[in-house]
């Protein structure tokens, strides 16, 4: 079992237009800093600070920052800025993310390990077909989000706060979801990985280009929905250069949320379900070294998909994934009476059980992708702290178990 703190989840989970506030708090700003200590297989014992600033400059804006150092000289820094409206516009918003990480003792599923024939990370690859050593990553992105004049975006769009009661959305009743918010995101990006002990050309890789996304979102509460749907379609393009491979990746994901109401000792029970499909149509099966770098390939085995496997355990041309999760917020919420903890805004904690299936393949073959699928199952606890969901998941698979400590829900 390995413990993993994945700050990378912030990059994917927070960047969506959202504003939520307790009754009487609308328009107020809030700043919070929390120290933490963690241990991981790649960083050893580490300590750091996480900070959140909400409502500064603009009421819907949010800034997140994380920094940590470890006893094996690993370190990580992250800064995210979300939901700030571009001046003199009514429908354009900007979001940016900067991440730098240095992991001294990381395990990465790329070519370079001795004694293995199948490609590292493929569906039939051995669980020990990875390289160990120093791993450096840089991820930079700036996104420009345009809100279409439909649904919640009709007329003169203004992000409105979700009415909250004890940290839960008070919109409507039953399974009635709010009108959808439809948006488009244009995101220039740059990524790099340097993996010590990996074989060439996997040791030092770069990717930069443009990601275009469409987002249909009728969820009632972005941090932890209880009803509604979300569909995203993303196209990533790296046009290549003399030292970079060109590639195109297409991803689609649909998530659905059913509010099961209170009961069984919980004031909220939600069934969350999702399906995901990814493909790289530019894939060259006969020349794997000319394809997308391993971290940009279609993948499962992460903090979001097949959590019972280590990060990016499986990656190839195509991937499919299905997941279901039952999320329960107990009536028993003692955190407001605990010293030190009560200094933070923590309206609820949540218990969850989940099951998942998925796999990768070197062709876009739906029949093959749905055969001999990998599985994962487990349970977890989530805490809604300072309007951000902190999540701990214990997941199992046929290769062992993983304990993930991350930010935001899996989907």
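Cα centroid distance between the stretch 328-384 and the stretch 236-288, in Å?
Answer, in whole Å: 16.
Taking 8 Å as the Cα distance limit and 6 or more residues as the minimum spacing, I'd like the relative contact order of the chain as a percentage.
Relative contact order here is 12 percent.
Working out 0.36 nm times the residue gap between residue 204 and residue 267, then minus their Cα-Cα distance, what length gain in nm do you get to one decimal?
Between residue 204 and residue 267, full extension yields 17.7 nm more.
Fewest first, what order do 95, 200 take by the number of other Cβ atoms within 10 Å?
200, 95
Once both labels are modelled 7 Å past Cα along the beta-carbon direction, what's the residue 138-residue 114 spacing in nm?
The two pseudo-label positions are separated by 3.3 nm.
Listed highest first by mean packing, meaning other Cβ atoms within 10 Å per residue, what order do 387-394, 148-155 come in?
387-394, 148-155
Would you mind putting 299-305, 73-79, 235-241, 332-338 in packing order, based on average other-beta-carbon counts within 10 Å, highest first?
Sorting 299-305, 73-79, 235-241, 332-338 by mean packing, highest first, produces 299-305, 73-79, 235-241, 332-338.
Tell me, what is the FRET efficiency for residue 49 and residue 403 to the nearest 0.05, using R0 = 25 angstrom and their Cβ-Cβ distance as r?
Given R0 = 25 Å and the Cβ-Cβ separation, E is 0.70.
Which parts of the stretch 141-156 would a label at residue 89 reach, counting a residue when its backbone N lies under 11 Å from a point 7 Å out along Cα-to-Cβ?
Counting only backbone N, you get 143-147.
Counting other C-beta atoms within 10 Å, which of 97, 368 has the fewest, and how do the rest follow?
368, 97
Express as a percent, rounded to the nearest 5, the fraction of DSSP beta bridges in the chain (both residues included) that run antiparallel.
Percentage antiparallel, nearest 5: 95.
The list (1) 38; (2) 43; (3) 25 gives values of percent of Cα pairs over 35 Å apart, and only one came from this structure; which label was calculated from it?
(3)
Laboratory data are not the source of any read-out in this text; all were calculated from the coordinates shown. Just so it is clear, the model here is predicted, and its values are computed rather than measured. No Cβ is skipped: glycine too gets one built from the backbone with ideal geometry, and neighbour counts run over all protein chains shown.
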